[in-house]
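Remarks on the structure that follows.
Every number in this text was worked out from the coordinates using simple rules, so none of it is lab data. If you're wondering where the values come from, they're calculated on a predicted model, not measured in any experiment. Cβ: placed from backbone, ideal geometry, glycine included. Neighbour counts: every protein chain shown.
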Amino acid sequence: MTDQVLVTGASGFIATHCIAQLLEKGYAVRGTLRTMGRADEVREAVGRYTSNIGNLTFAEADLTKDEGWREAVQGCPLILHVASPFPMEVPKNENDLIIPARDGALRLLRAANETGARKVVLTSSMAAVAYGRKKEPGRAFNENDWSNVKGPGMAPYTKSKTIAEKAAWDYVEKEKPSFALATINPGAVFGPVLSSDIGTSVQAIQMLLQGAMPGLPRLAFPIVDVRDVADLHIRAMEQDAANGNRFVCVNGTLWFVEMANAIKGRFPKEASKVPTKVLPNLMMKIAALVGQFPKQGVRDLGRYWQGNNTQARTLLGWNPRSAEDAVIATAESLIELKLT
């Protein structure tokens, strides 16, 4: 009998793809939701990808509360902990992100240990790898790199991901739990949207298609397709080679203008509002002062940064799509679902 897998944050962009791929592989899946009222929405989204929807159940659990986690984990020896807050707008208090991310991860890990789970794969981020550091042109960040939470340009989100991942590794080192831990560190996650609950990265493509930007900031993104993020989670879950390892999860870097041009080239009619003019850095800095551009984005203007995915390829046999394919798939799904 195939093991049951717990996927936390089941309504999220990455989680729905994890669930869909797990169901296709024959796993029974239990997804956590903050409120059970979203269960039908998740079923509909996952049903776009797989017909094995009968093997999906749900449990109610909230990152900010102790209740529900042991019950959610019970009977699930394999766990993908995907849930983590990632708002489009920066909160006034950074702890609104840091505390739920860190404490939520620890709640999950304690419950996993108490119930004898075998493997936990935690969704971290490149935000925990490459931020708060001196700019290092031409260098590709790898699993040995950590963001410096006290360094320059650390936004609440990047702090939250770094602190939460470090807390998870510290827990494993100290408690020696029943399970092995692996972490996945994606960059900007694009790819097919399954529902109106789109990821924050995808909102950038949505804004391009809507013509919501007068021009483009000189920003570059290390990119990965959500289908490949889900695939890497499952590979890490299934393979002992992943135990105790982090995995940089990106495949190429694109400037914002390259993304815009790729979308306009593939969808000339639907992408007629997509801008292709790159705005001067000075203009973006002024926009940040008046709240029209995220302040945390100012430091990354002109920064072309990369991730090295060699470990995921060699240890786990990961073979991701190109960054451009991920961007095109995002735009195509937004257009098909009429979310533009």
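Once the Cα-Cα distance is subtracted from the 0.36 nm per residue extended length, the Ser196 to Asn55 segment shows a gain of 48.5 nm. Taking label positions 7 Å along the Cα-Cβ direction at both Leu282 and Thr35, the computed distance is 4.8 nm, reported to one decimal. Label sites at Lys176 and Lys273, each approximated as a point 7 angstrom past Cα along Cα to Cβ, lie 5.9 nm apart.
For the chain, adding -39500 (n - 2.57) for each run of n ≥ 4 DSSP H residues and dividing by the number of residues yields -12000 deg cm²/dmol at 222 nm. Take the alpha carbon atoms of region 289-331, find their center, do the same for region 70-85, and report the distance between the two centers in whole angstrom. What the calculation gives is 27 Å, centre to centre.
Pairs with C-alpha atoms separated by more than 30 Å, drawn from the list Lys65/Lys161; Lys135/Lys166; Lys176/Lys295; Lys159/Lys264; Lys92/Lys166, are Lys176/Lys295; Lys159/Lys264. In the chain, the longest principal axis of the Cα atoms and the axis of helix 13-24 are about 50 degrees apart.
In this calculation the C-beta distance from Asn144 to Glu24 is compared with R0 = 41 Å, giving a FRET efficiency of 0.75.
Normalised by residue count, region 1-115 yields a Cα convex hull volume of 94 Å³ per residue.
Take every Cα-Cα pair in the chain and report what % of them are more than 37 Å apart. Of all Cα-Cα pairs in the chain, 14 percent lie more than 37 Å apart. If you take the Cα centroid of region 1-36 and the Cα centroid of region 151-172, the two points sit 25 Å apart. Helix 256-266 axis versus longest C-alpha principal axis of the chain: approximately 90°, rounded to the nearest ten.
The distance between label points at Glu67 and Glu336 comes to 4.0 nm (points 7 Å beyond Cα on the Cα→Cβ vector). Fully extending the segment from Arg48 to Lys134, taken as 0.36 nm per residue of separation minus the present Cα-Cα distance, adds 26.6 nm.
Ignoring GluC sites (Glu not before Pro) that are buried or in helix or strand per DSSP, and keeping those with at most 13 other beta carbon atoms within 10 Å, what is the longest stretch of the chain between them? Formally, the longest exposed-site-free interval is 90-340.
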